[in-house]
Amino acid sequence: MPQQIPCLWFDGQAEEAAAHYTTIFPNSSIGEVSRYGPDMPMPEGTAMTVSFTLDGQEYVALNGGPQFPHSEAISFQIMCADQEEADHYWDRLTDGGEESMCGWLKDRFGVSWQVAPTELMSLLSDPEPGRAQRATQAMLQMRRIDIAEIKRAADAVPT
């Protein structure tokens with residue numbers, strides 16, 4: 001399959017967003033930056049596109065204007081090894097942003113992310129339906145995912 005590179009549309013914050021994201025994810029860097037010239041839609045010198053890499057995944061940030069704001073219809077999932085890693089991403093991405101439910105958040109630029117330990121998926125799809133249901137019910141009450149609490153709920157003996 002050809003390489004897929006997500007392109008994120010911003011209204012003047014492409015360079016700032018790329019710089020912010022590369023401080024959060026390991027093995028990340030900013031690549032080429034193209035700039036608007038004279039007689040173009042944005043002020044001359046403003047970044048038009050910013051290529052950047054987050055832990056090996058390439059992205060492009062585009063300063064296109066206010067026509068297309070971010071929405072929760074598209075989000076990036078960060079499947080974390082454990083609670084500590086999930087907390088790292090949650091804390092960094094919610095700084096200046098806003099928490100939502102079930103591990104979802106919007107960062108300071110309005111981009112939506114889902115942050116969860118990989119163990120969450122196995123708990124939610126446990127072959128024992130009651131266990132999966134209890135895990136799901138616990139998750140639905142949370143903003144930041146607390147995997148220990150979800151495990152406690154899944155393991156609780158029904159009365």
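Values of log10 I(q)/I(0) for region 70-159 across q = 0.18 Å⁻¹ run -0.74, by the Debye formula with one identical scatterer at each alpha carbon and no solvent. Kindly work out what percent of the DSSP beta bridges joining two residues of the chain are antiparallel, to the nearest 5. Around 60 percent antiparallel, to the nearest 5. Against the main long axis of the alpha-carbon atoms of the chain, helix 83-94 sits at an angle near 40°. Ellipsoid fit via the Cα gyration tensor, region 1-66: semi-axes of 22, 13, 10 Å, each the root of five times an eigenvalue, largest first.
For region 70-159, a crude dipole built from +1 on the beta carbon of Lys and Arg and -1 on the beta carbon of Asp and Glu, taken about the Cα centre, is about 260 debye to the nearest 20. Which angle from 0 to 90°, rounded to the nearest 10, does the C-alpha axis of helix 129-140 make with the longest principal axis of the chain? Here the helix axis deviates by roughly 50 degrees.
No lab work stands behind these numbers, since they all come straight from the coordinates. Note that this is a predicted model, so its numbers are computed, not measured. All Cβ positions, even for glycine, are placed from backbone atoms using ideal geometry, and neighbour counts span all protein chains on display.
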